[in-house]
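J.: Handing you this structure, nothing more for now.
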Amino acid sequence: MSALELPEIGVRLSGALDPHCSIELATAADGTGFASVWFAENPFQRGIMATVGACAAATRRARIGIGVINPYSRHPVQIAMDIAALDELSSGRVVLGLGSGIAGGMRQMGFDPGRPVAAVSEAIAIIRAMLGGEAVKFNGRVFSVDGVRLDFPARQLPIYMAAGSERALRVCGMVADGLIISNMTPPRLTERLTEIVVEAATVAGKEKPRVVQYVPCAIGADNEAARRIAITMIGEALTLLWPIGDEWPQRREAAVEATGVPRHEFRAALDRLRLGEAAADVLDDRFVDAFALAGTAEECLRQAARYHRAGVDELALTFAGAEPVEQMTHLAKAL
């Protein structure tokens, strides 16, 4: 394993988990040597801030990644207040990840997500200035503030941006410290996304932003059993994330192309999944290779090396199956 060029390995948790389970997993990750614990927030799941605080207090070493939260349901000023307090609680281990959120969920809450890139870039500007101790006066297309200022000292912590479209990627390269790439992004597509961000950062005279990618993972002594668990997780994600019908956003089209699965086969697989067929009967190894790490711990690390070659600095893994702590321990030993 020592010959492999690997990204750092972290763990991804989310509001889908009971907070007590998240604390257990975060503590296990911290104790077994994982680099980070990331917390994803999605509409109508559990809010993550309480869980992040509990995990920050329960851990000592791992970075605490908040990624992503959106500036609509949580105003940039409130984000600055919360993130600075969490950074104090964690003794300076927090990384903030911002994104525009899931558009459908934002609309259900009465927000207009019509300018997602502007919303995130303006939020970054406001939060950075507040963390720097400034009295911030800002008049943007989405957000405006008038003389807001933190009344306690804060650290200028890293701010990452979730991005997938070319415009968002270029803005990320110009204004953010890092890029967050979401689940269901094959390594071939990751390489292109990373190239765009690096190009934009270079033009802006900035260092290469750090790249974090979320990836599902299933580890087991039995390679085939682990891959079956991964297939189930991939099937659930495909059903949730891909639009119904033939018209897919460019980002989804690019992901399909990067899998190597012909579009008509991919579409047929989606139709069968939505009719209730089991993912194990519909999806094959091409889907696992494109969207997950699966197999023994050693095999998963070999697969992780593909992401390093694509430009990823850190993988945040969502462990599938009934024994995530056991899987984390096996992977930590292999590392």
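Computed from the coordinates by the stated procedures, all read-outs in this text should not be read as laboratory data. Note that the coordinates shown come from a computational prediction; the quantities given were computed from them, not determined experimentally. Note that we place each Cβ from the backbone using ideal geometry, even for glycine, and neighbour counts take in every protein chain shown.
J.: Mind ordering 127-136, 150-159 by average Cβ neighbours within 10 Å, highest first?
T.: Ranking, from highest mean packing down: 127-136, 150-159.
J.: Could you work out the relative contact order of the range 1-59? I mean the mean sequence separation of Cα pairs under 8 Å and 6+ apart, divided by the number of residues, in percent.
T.: On the way: 65 pairs, mean separation 24.2, N = 59.
Reported as a whole number, the value is 41 percent.
J.: Chymotrypsin sites (Phe, Trp or Tyr not before Pro) within the range 1-48: which are DSSP loop residues with at most 11 other Cβ atoms inside 10 Å?
T.: Loop-located and lightly packed - F44.
J.: What is the set of long-range amide H partners of V11 at a cut-off below 5 Å, with H atoms built 1.01 Å from backbone N?
T.: Residues meeting the amide H criterion: S36, V37, W38, L317.
J.: Mind listing P(r) for the range 1-84? All alpha-carbon pairs, 10 Å bins, whole percents.
T.: With a bin width of 10 Å, the distribution comes to 18, 46, 27, 8, 1.
J.: Could you list the GluC sites (Glu not before Pro) in the range 263-318 that lie in coil according to DSSP, counting only those with at most 15 other Cβ atoms within 10 Å of their Cβ?
T.: On the way: sites: E265, E277, E298, E299, E314; in loops: E277.
For GluC sites (Glu not before Pro) across the range 263-318 that sit outside H, G, I, E and B with at most 15 neighbouring Cβ atoms in 10 Å, the list reads E277.
J.: While we're on this one: Tell me the net charge near D30. Cut-off is 13 Å between Cβ atoms, D30 excluded, with +1 for each Lys or Arg and -1 for each Asp or Glu.
T.: Neighbourhood net charge equals +3.
J.: Under 5 Å between amide hydrogens, which residues at least 5 positions from V95 or on another chain qualify, with H placed 1.01 Å from N in the peptide plane?
T.: Hits under the 5 Å cutoff: I64, G65, I66.
J.: Using the Cβ atoms and a cut-off under 10 Å, what net charge is assigned to the surroundings of V52, where Lys and Arg are +1 and Asp and Glu are -1?
T.: Residues near V52 contribute -2 overall.
J.: Starting from a Cα-only point model with no solvent, please compute log10 I(q)/I(0) by Debye for the range 35-184 at q = 0.14, 0.15, 0.20 1/Å.
T.: Log10 I(q)/I(0), no solvent term: -0.65, -0.75, -1.35.
J.: Please give the net charge around L17, taking every other residue with its beta carbon less than 12 angstrom from that of L17, where Lys and Arg add +1 and Asp and Glu add -1.
T.: Overall, the nearby charge balance is -1.
J.: Compute the FRET efficiency between E247 and V203 as 1/(1 + (r/R0)^6), taking r as their Cβ-Cβ distance and R0 = 25 Å, and round to the nearest 0.05.
T.: 0.15
J.: For the range 69-118, what are Rg and Dmax over the alpha carbons, in angstrom?
T.: Rg then Dmax for the range 69-118, in Å: 12.7, 37.
J.: For the pair E236 and E88, what calculated FRET efficiency results from E = 1/(1 + (r/R0)^6), where r is the Cβ-Cβ distance and R0 = 45 Å, to the nearest 0.05?
T.: Once rounded, the FRET efficiency stands at 0.75.
J.: Here is a follow-up. How large are Rg and Dmax for the chain when only the alpha carbon atoms are used, in Å?
T.: 19.5, 59
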